[in-house]
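Computed from the coordinates by the stated procedures, all read-outs in this text should not be read as laboratory data. Just so it is clear, the structure is predicted and the values come from calculations on it, not from any experiment. Cβ: placed from backbone, ideal geometry, glycine included. Neighbour counts: every protein chain shown.
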Amino acid sequence: MNVLVATDGSKYGRWGLNWVAKLPFVEPPRVTALHVLDRAVHSLPFRTKLEMQRIEARSARTVAYTKKQMALLRLKGAVRREQGAVAPVILKRAPKQNGLLVVGNKGLGALDRFTLGSVSIKPPRLLLRDGSKL
């Protein structure tokens, strides 16, 4: 089975990999951890060069940490970093058949989701809420 775990570097994104490692698959899954950097949002006119450097550095740390986490959990697969609008990129990479999409969720209410945005409400997925235990 192919599994796509979308991660943003938050604890909610990291929980996704932990869940996949605990799920009772018949055969070990092929896991792709995906980190998406939305340059359109992060390169708004009021962003300074220093802020953009911090965002790039955080993105690099997220990818490095995710690689380490996958090795510790003995998950086979790859870590990808892509650029673009987050939800469409995740959907583009999501397994079309015989797969699972895992997205972390902060448990935002309707108003917060509307004002802050959320990609976890768009596709069908395994949704991990705050404090989820397997």
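Cα-based values for region 5-61, radius of gyration first and Dmax second, are 15.4, 50 Å. Relative to the current alpha-carbon distance between residue 48 and residue 67, full extension at 0.36 nm per residue lengthens the span by 3.9 nm. Net length available on complete extension from residue 98 to residue 60 is 10.7 nm, with 0.36 nm assigned per residue and the Cα-Cα distance removed. Given points 7 Å out from each Cα along the Cα-Cβ axis, report the residue 22 to residue 10 separation in nanometres with one decimal. Computed distance between label sites residue 22 and residue 10 equals 2.0 nm.
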